[in-house]
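The values are calculated or read from the model by the stated rules, or taken from the named source; none is laboratory data. As the structure is a prediction and not an experimental result, all values here were calculated from the model. Cβ: placed from backbone, ideal geometry, glycine included. Neighbour counts: every protein chain shown.
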Amino acid sequence: MAIITKIREKSGVAVGLIAIGLILFMVGGDLLSPNSTLLGRNKQIVGVIGGDEIELREFTEIVDAIKANYPTPPNEQQLQGVRQMAWNELIYRVAYGQQMEDLGVTISQEELDDIISGNNIDPQFGQYFRDSTGQVSKENIQQYLSMLKQQGANSQQYQQFLNFEQQLKTSRSRVKYENLMSRTYYASDLEGKKEYEKQNDKVEIAYLNVPFYAVADSLVNVTDADAKAYYSSHEEEFKRDANRGIEFVSFKVEPSEVDKKNLEAEMKNLKRTFATTSNDTAFVDSHSEGATNLMTVNMTGVPTYMLSEDLQVGEIYGPYFAAGASRIYKITGTSEDTIYSARASHILFKNDQDDAAAKKEAYATLRKIQGGENFEELAKKTGDAAPTTKANGGDLNWFTEGRMVKEFDKAVFSARRTGLISRVIKTQFGYHIIKVTETKTKKMYDLAIVEKKLTPSDATINEAYRKASVFAAKTKGGRSDFEKIAEEEKIFIEQALTIAPTATYINSLRGNSVRQVIRWAYNEGSVNEVSEVFDLDDRFVVATILSAREEGVANFDAVKSEAKVQATKQAKAEYIKNKLAGAKGDLAAMAKSYGNGAKTDIVSDLSLNDVSIQGIGIAPKAIGTAFGLKEGEQSAPIVDENSVIIVKVRKANKALETADYTIYQRQVEGRYSRSANYKILEAVKDLSDVQDDRYKFF
C-alpha cells in the first residue's frame, strides 16, 4: 500500500472533504469543460487495432470479465497477465475479425451450442462441470444453463456467462482461422530431401581468415561523415523501441527511534491487559498482526529469546523485538510430545584426512575441559564444527530424537544429567566432545502470541514527505537545479537509462506504484523537467528526465558511436579485400603475402546446420558459400560477421540417397507448425497496424 494511502485511511471523511474542495479549487471551470476526462467527455484511448480506437472503458470491461473467472481477486502480477489476455482478446476480436470477415469465416449458433453443451465441449468451459468421476457432465451444464434462464438476462451470473460465451466464440473463431492457414502447409518430397541433405551432407574446408580487429583503426580513418553515410543507408539497423532515461532521488520512509519506543510502550500496555483477559484467543485475534497467533510447540519451536526464561503456564513473556516486529507470548497450557527433545553443545574433530591425529586431538581437548578449561571458549577456537556453531560456543540448540547421527543421538538422549559426557563419541563425521545442556523432555507449550509490526508513524511519513516536497520545490528550475541541490544536500542520485514504456520496475524500485513514475516520464514529463513528489510503497521519489527516445529510427547523434563501429567494420572489410586481391598462390601463400593477422586452418565435418566455424566463430555466409562450391573450388573473399574469409572445399561428402524422405518432411512440417500460430498473430498485427498504448494508463 502506498504511503499517503495509509494516512488517508486513518484520516477518514474530513480529509476526503478537504481533498474534494482542493480538487474543485485547482481544476475550477475545467472540471465542466468539454475536454474534461473526469466527466467522461474525452475519449481515453489505450490503443488502435485495424484502424479502430480502443477506449479504456471497453478494455476495462474485458479485463473485468476475465477477472470474474478467477476464484480470488488476482494479485498485481496476475493482473498484468489478465491485461495481456484482455489485449489479445481485442486483437482476436478486431484484427482477426477483419481478416475472417474478408474470408467469410464465421461461428454459427450450432457450433457455439456444440462447444458449450454438445459433443465437443470446450475444455476451458467444461472444467467447471465435472462429475464425481472427473468427467465433464452434460447434465450439470444443462442444470447450470436452466438456472441462468430462471435468473434472467439482467442477473450478474447471466452477464458473466455472456462474457465467457463471447470469449469462447472469439477463441473458436481464432482456432478456425489459424487452422485454415497452418494446415494448408505441406512439405514436399523435395523439401524433405533438402532437409535430409542439410543434416547429413558434410564438407571439409581449408580457410584463410582475417579478423577485423587485426586491422588498426588508423589504417582506415573512418570519419563522422562516413558514420553518417552508413547510418543513412542502413536505417533499418537503427530502429529502436521507445525509451526514457531518468535520474531520481529517494526519501525512504523508515520507522524512527520514536516509533520504536512508541511500539515498545504499546506492547507493554498490551502485556498488562493480556495478563487479565479471560479469553486469550479473542485477545490475540483482536490485537495481533502476525500470521499465526496460536501454536503448540516442543522445545525446538520455543523462540530462542525465551529459552533462558522460567516457562510457566499463565505467564507472559516479552516484549521481544526481532525481524521488524515486537512480540509477547503467553503460555496457556502444556502437553506431551510423542518424541523427546534435548539440547547439547559439541566440539568436532573431523577424521577425513588423518583419523589418528583427529582422535588424539579430541582426547587432548577432553582432558583440558576435565581439567577445568572452559568448554565454550575452547569450542570457539578449536575443532571443525560449522562456523555458526563455533561462534555460539558449540551450542546446537534444541533438537529432536533421531535428527542427529545414531552415535551422537544415543549419547545425548541416554544422558541422565546435564554436563560433559566423559568420553569422546565417534561418528561418520569424526570425533565429538559433547556437553548436554538440557536433558531429554517431551514437554510441549501452548503459546498465544501478540505481534505488532514496527511501521512508520504518520509523523515519520509526513516528515519524509516534507523533505521530498522541499527538494522538489527547490528544483523547479530543471535538471541542473536537481543535480546541484542533491549534491549540496548530499542526497544520492540514481540513474535509470533504459526504461521501456511497459517497464514494471526502475532499478531496485519494485511494485505497482512504480508505474506512476514511468507514466509521468512518457505522458507528461519532458527532458530536463523535474517531477512532483511520487508516493511509492516505502519512499517518496522525485525524478528528472535525462533523455527521451520515441519508437522508430533513432536520431543519428544517439547512435553515432554504433554507426561508426559498423562503418569501421565496412571500411576494414574493403581494406582486407583490396590487400588480398594482390595475393597469389594457395591459401598459405596468400596468408603469407597478406602478413600479420591472416590465419589458415582446416575444418572437417562442417554441415549446413552449423552457424560457426572452429577458429573463426560465427560465420553463416562462409558456411553457405562452402556448400555452394564443388570439391576443389575456392571462393572469393567473403565479408562475414567479424572477418573476411576465403574458403576452399577439400572434400564434399554427399549423403547417400534414400528412397523415403518422409521423416524429414515431417520435421519440416513440425518446425513450421510449432511457430505457425505465433507467426500468424504477428502477421495479423502488422497488417492491422496494432498500436499498444496501455502503458499510458497502467
query = Looking only at segment 502-518, which residues are closer than 21 Å to residue 78 by Cβ and in contact (Cβ under 8 Å) with a residue 24 or more places away in the chain?
reply = 502, 504, 509, 511, 512, 513, 515, 518
request  = Within segment 127-157, track down each residue that is surrounded by 12 or more Cβ atoms within 10 Å (Cβ to Cβ) and closer than 17 Å to residue 71 by Cα.
outcome  = 128, 129, 130, 157
inquiry  = Could you go through segment 545-555 and let me know if any residue there is free of Cβ contacts under 8 Å to residues at least 24 places away in the same chain, farther than 12 Å from residue 244 by Cβ and not hydrophobic (A, V, I, L, M, F, W, C).
reply    = yes
ask   = Applying the selection to segment 90-125, what residues are in contact (Cβ under 8 Å) with a residue 12 or more places away in the chain and among the charged types (D, E, K, R)?
value = 93, 111, 122
remark   = Picked from segment 186-209 (must be at pLDDT 90 or above and among the aliphatic types (A, V, I, L, M)), the residue nearest to residue 652 (Cα to Cα) is 203
message = It is to be established whether one or more residues within segment 649-663 are touching a residue at least 24 places away in the same chain (Cβ under 8 Å) and within 25 Å of residue 212 (Cα to Cα).
response = yes
key: segment 210-224, subset in contact with a helix residue (DSSP H, G or I) (Cβ under 7 Å, 6 or more places away or on another chain) and buried (at least 16 other Cβ atoms within 10 Å of the Cβ), residue farthest from residue 655 (Cα to Cα)   = 222
Output for segment 561-576, where each listed residue is under 25 Å from residue 247 (Cβ atoms) and either surrounded by 15 or more Cβ atoms within 10 Å (Cβ to Cβ) or in contact with a strand residue (DSSP E or B) (Cβ under 8 Å, 6 or more places away or on another chain) (or both) = 562
remark   = Checked segment 422-445 for anything of a type in the set (Val, Ile, Thr), in contact with a strand residue (DSSP E or B) (Cβ under 7 Å, 6 or more places away or on another chain) and farther than 22 Å from residue 307 by Cβ; matches are 424, 425, 433
ask   = What about residue 585, is it surrounded by fewer than 15 Cβ atoms within 10 Å (Cβ to Cβ), out of contact with any helix residue (DSSP H, G or I) (no Cβ under 7 Å at 6 or more places or on another chain) and on the phi > 0 side of the Ramachandran plot?
value = yes
ask   = Can you pull out the residues in segment 598-613 that are within 44 Å of the chain's Cα centre (by Cα) and surrounded by 13 or more Cβ atoms within 10 Å (Cβ to Cβ)?
value = 603, 606, 607, 608, 610, 612, 613
query = If a residue has to be part of a helix (DSSP H, G or I) and surrounded by 13 or more Cβ atoms within 10 Å (Cβ to Cβ) to count, how many in segment 336-385 make the cut?
reply = 16
Boolean, residue 330 is among the basic types (Lys, Arg) and crowded, with 18+ Cβ neighbours inside 10 Å = yes
message = Test of understanding: among 435, 467, 452, which residue is within 35 Å of the chain's Cα centre (by Cα) and surrounded by 18 or more Cβ atoms within 10 Å (Cβ to Cβ)?
response = 452
